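S.K.: Just passing along the structure, written as structure tokens.
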Amino acid sequence: MKKFMLIVLAGMLAVSLLVGQAHAQIRIGLMAPLTGSWASEGQAMRQIVDLLAEEVNNAGGVLGQQIQIIAEDDAGDPRTAALAAQRLSTRGIVAVIGTYGSSITEASQNIFDENRIVQVATGSTAIRLSEKGLRYFFRTSPRDDEQGLVAANTLKDMGFGRVAILHDNTTYARGLADEARALLVEGDVEIVFFDALTPGERDYSAILSQLRARNPEVVLFTGYFPEAGLLLRQRHAMGWDVPFVGGDATNNPDLVSIAGREAAEGFMFLSPPVPQDLDSPEASAFMAAYRARFNDDPASVWAVLAGDAFNVIVAAIEGSGSTEPDKIAEFLRTGLEDFQGLTGTIAFDDKGDRIGELYRVYKVDGEGRFILQP
Amino acid sequence: MQLFLEQLTNGLAVGGIYALIALGYTMVYGVLKLINFAHGDLFTIGAFFGLTLLLSLGLTSHIGPVAGIIVLVLMVMGLVALIGALLERVAYRPLRTSPRLSAVVSALGASIFFQNAIMLIYGARFRVYPHDLLPTTTVSFLGVSIPVMRIVLFGASLVMMAGLYYFVQRTKTGTAIRAAAIDQGAAKLMGIDVNRVIMYVFLIGPALGGAAGVMVGMYYGQINFTMGWVYGLKAFTAAILGGIGNIPGAMLGGLLLGVIEAMGATYISLAWKDAISFMVLILILIFRPTGLLGERVADKV
């Protein structure tokens with residue numbers, strides 16, 4: 001009986017190997033925070049990439065081959081990301097999508113570069129990521145200097161003279177805060193407060209008390225949505241009504257559920273447009289497919305940018321007719337013409353940064369909706 | 001002065017929660033000499049159970065908000081206590097006679113298991129308690145406006161701590177717990193069922209942790225599966241600060257840590273808040289290696 005089982009197992013193994021041979025596959029990696037405190041972003045990234053890969057495969061694949069997505073969890077943690085990148089590098093992938101969070105992406109950059117794997121980051125906006133001269137690095141997200149500029153201009157246009165800046169010491173939030181501070185100081189705006197909170201805590205009333213003592217006209221918070229939601233909620237409980245402006249990492253509907261509608265009303269943030277506000281045919285088709293499958297809207301624009309990363313990789317493989325990393329990278333730099341992604345036209349400059357202005361100003365209304373400001 | 005008072009109340013409110021969780025660490029350590037790394041996750045489980053019960057039973061609408069919340073907290077305490085006892089049975093009792101390091105690894109494993117189990121069951125997104133659950137009135141005191149719920153929260157943690165203190169000092173079971181903490185062998189010879197004592201400890205500690213979880217959930221609103229990590233770490237620090245193994249020490253350490261954090265953030269540096277708390281911890285350990293109220297030298301883990 002044991003022998004029989006062995007033969008059956010061996011037979012199944014042989015068949016599966018043969019099948020694998022018959023359908024050669026192109027493997028694309030996905031590195032995302034599937035667990036950890038950004039898991040909601042990571043899970044959405046995987047949903048979207050899987051959905052798009054399925055569509056491509058149903059339409060016959062690319063270069064006649066099926067696409068297989070190999071997902072690895074980076075847990076939103078640089079050390080785990082380095083391990084995930086090592087593991088992905090051994091799995092024969094031609095390109096990798098991800099990840100969310102600049103410090104996490106940074107930990108993986110060199111590993112992918114040494115292994116000649118094209119990396120398209122999705123939610124990593126720190127400036128220095130693309131200033132290292134890495135040939136295979138691209139990103140579908142904008143850079144902090146663009147966001148910093150929009151933030152500084154927005155605050156100046158609204159006529160605020162005393163600004164408090166709060167970040168959370170992550171690569172991203174610190175970068176954006178520094179950028180905005182430099183530009184605001186140049187524009188004769190007084191910075192009355194500049195410091196960092198500790199992300200992951202629940203009680204920020206000590207920080208809010210301190211902020212209130214400095215009497216700012218507006219608070220610019222450059223960190224992420226869980227802390228932004230708590231800050232808004234606790235500011236409301238204190239009965240303090242200073243306006244809050246957030247960076248693009250606060251663009252997540254959970255912000256409103258954490259803060260409560262009343263406390264979130266009037267909160268403004270900068271962000272690439274949310275998927276619901278995009279009116280291109282690509283975006284509407286994607287939204288329809290996503291809603292049909294998951295019965296919900298994508299959690300945030302960052303997960304949609306992972307979809308865009310997938311789309312440009314597929315376009316580059318198809319356009320260059322090759323799975324050679326050098327050819328793919330070359331095509332991404334020079335070959336993308338009028339490529340319609342889910343978040344608008346996509347093209348990359350020499351450094352691998354996305355070209356074009358993406359940022360908009362959003363405001364939360366009384367119903368908790370994100371309203372695009374003209 | 002107003003800022004000082006405001007930060008003092010902020011610090012005490014946070015410290016009360018730290019103290020409740022720290023009690024779980026310190027009780028387990030006292031009896032088993034084991035750092036129960038899964039304790040922070042029991043706190044998280046309390047927060048999630050509270051949300052589930054709140055949404056599914058609708059207690060607050062049936063029997064009124066005050067009674068509803070009290071019943072809710074008691075139910076959560078009971079459920080989390082059961083999970084704590086189960087944890088002890090499955091993860092720690094089989095390792096009772098093995099080297100201490102095995103039990104620590106088992107505790108870390110249990111923590112990872114709980115965290116991911118919560119993520120799989122409840123999802124990775126933030127969950128939110130209903131916003132209209134608690135009143136948002138504030139009272140003015142010496143020119144500082146304090147939300148009433150902060151005071152209630154602080155009072156509730158004080159009541160629970162006082163109850164525990166009474167239980168451990170005045171009841172027969174409490175005496176047995178203290179005896180087992182001093183010398184398990186001798187306690188056994190005196191006819192104390194040490195396994196039962198350990199089970200009590202794993203019922204009480206997690207119950208308090210679970211209560212802290214549901215209180216944090218109700219007051220701050222936002223819960224997610226990783227929330228236990230930060231609170232667990234802070235509470236563990238508080239337990240050491242007060243002298244691990246010592247019950248009043250955990251209460252004092254928790255309150256002190258909360259106040260140190262708030263004051264450090266205000267008067268020294270916000271970004272260095274945690275560094276300041278740990279610096280104070282190191283200073284205290286240099287001059288009092290057993291913590292503020294600790295008597296016996298803490299063993300290394």
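The values are calculated or read from the model by the stated rules, or taken from the named source; none is laboratory data. All figures in this text were calculated on a predicted structure; none of them were measured in a lab. Heads up, the Cβs are rebuilt from the backbone with ideal geometry, glycines too, and the neighbour counts pull from every protein chain shown.
S.K.: Just wondering, is there one or more residues in the range B:114-133 that are more than 23 Å from B:Ile45 (Cβ to Cβ), loosely packed, with under 15 Cβ neighbours inside 10 Å and within 10 Å of chain A (Cβ to nearest Cβ)?
M.R.: yes
S.K.: With respect to the numbered conditions (1) more than 19 Å from the chain's Cα centre (by Cα); (2) in contact (Cβ under 8 Å) with a residue 24 or more places away in the chain, which one is the sole condition not fulfilled by A:Pro374?
M.R.: Looking at each condition in turn, A:Pro374 falls short on (2).
S.K.: With the condition being within 14 Å of chain B (Cβ to nearest Cβ), I'd like the helices (runs of 4 or more DSSP H) fully within the range A:37-124 carrying at least 3 qualifying residues.
M.R.: Passing ranges, in order: A:39-58.
S.K.: Just checking, which of B:Thr52, B:Thr44 is in a helix (DSSP H, G or I) and either surrounded by fewer than 21 Cβ atoms within 10 Å (Cβ to Cβ) or at pLDDT below 90 (or both)?
M.R.: Among B:Thr52, B:Thr44, only B:Thr52 is in a helix (DSSP H, G or I) and either surrounded by fewer than 21 Cβ atoms within 10 Å (Cβ to Cβ) or at pLDDT below 90 (or both).
S.K.: Restricting attention to the range A:67-112, which residues are among the charged types (D, E, K, R) and under 21 Å from A:Pro142 (Cα atoms)?
M.R.: A:Glu106
S.K.: Among the residues of the range A:203-236, what is the count of those that are polar (S, T, N, Q), at the interface with another protein chain (Cβ under 9 Å from one of its Cβ atoms) and outside any helix (DSSP H, G or I)?
M.R.: Number satisfying all stated conditions: 0.
S.K.: Looking at (1) at the interface with another protein chain (Cβ under 10 Å from one of its Cβ atoms); (2) modelled with pLDDT of 90 or more, find the lone condition where A:Gly260 falls short.
M.R.: The one condition A:Gly260 does not meet is (2).
S.K.: Of the numbered conditions (1) at the interface with chain B (Cβ under 10 Å from one of its Cβ atoms); (2) touching a Ser or Thr at 6+ places or on another chain (Cβ under 7 Å); (3) not in a loop (DSSP other than H, G, I, E, B), A:Gly200 satisfies every one except a single condition; which is it?
M.R.: Exception for A:Gly200: condition (3).
S.K.: Please determine whether any residue of the range B:155-170 is within 14 Å of chain A (Cβ to nearest Cβ), touching a helix residue (DSSP H, G or I) at 6+ places or on another chain (Cβ under 8 Å), buried (at least 17 other Cβ atoms within 10 Å of the Cβ) and assigned to a helix (DSSP H, G or I).
M.R.: yes
S.K.: Condition first: crowded, with 22+ Cβ neighbours inside 10 Å and more than 17 Å from B:Ala262 (Cβ to Cβ). Now tell me which residues in the range A:180-207 satisfy that.
M.R.: Those that are crowded, with 22+ Cβ neighbours inside 10 Å and more than 17 Å from B:Ala262 (Cβ to Cβ): A:Ala180, A:Leu184.
S.K.: Across the range A:171-197, what is the total count of residues that are of a type outside the set (Gly, Ala, Ser), within 13 Å of chain B (Cβ to nearest Cβ) and in a helix (DSSP H, G or I)?
M.R.: 1
S.K.: From the list B:Tyr219, B:Tyr200, B:Tyr231, exactly one residue is within 27 Å of B:Val76 (Cα to Cα), surrounded by fewer than 24 Cβ atoms within 10 Å (Cβ to Cβ) and within 14 Å of chain A (Cβ to nearest Cβ). Which is it?
M.R.: B:Tyr219
S.K.: State whether the residues of the range B:236-254 include one that is surrounded by fewer than 24 Cβ atoms within 10 Å (Cβ to Cβ) and within 11 Å of chain A (Cβ to nearest Cβ).
M.R.: No, every residue in the range B:236-254 fails to be surrounded by fewer than 24 Cβ atoms within 10 Å (Cβ to Cβ) and within 11 Å of chain A (Cβ to nearest Cβ).
S.K.: Kindly provide the set of residues from the range A:143-167 that are in a loop (DSSP other than H, G, I, E, B) and surrounded by fewer than 22 Cβ atoms within 10 Å (Cβ to Cβ), ordered by number.
M.R.: Correct list: A:Met158, A:Gly159, A:Phe160, A:Gly161.
S.K.: Given (1) within 26 Å of B:Met149 (Cβ to Cβ); (2) within 11 Å of chain A (Cβ to nearest Cβ), identify the lone condition not met by B:Ala275.
M.R.: (1)
S.K.: For the range B:3-37, what are the residues that are under 13 Å from the mean Cα position of the chain (by Cα), of a type in the set (Phe, Trp, Tyr) and in a helix (DSSP H, G or I)?
M.R.: Residues satisfying the conditions are B:Tyr18, B:Tyr25.
S.K.: Can you pull out every residue in the range A:125-137 that is part of a loop (DSSP other than H, G, I, E, B) and buried (at least 17 other Cβ atoms within 10 Å of the Cβ)?
M.R.: Selection gives A:Thr125, A:Ala126, A:Leu134, A:Tyr136.
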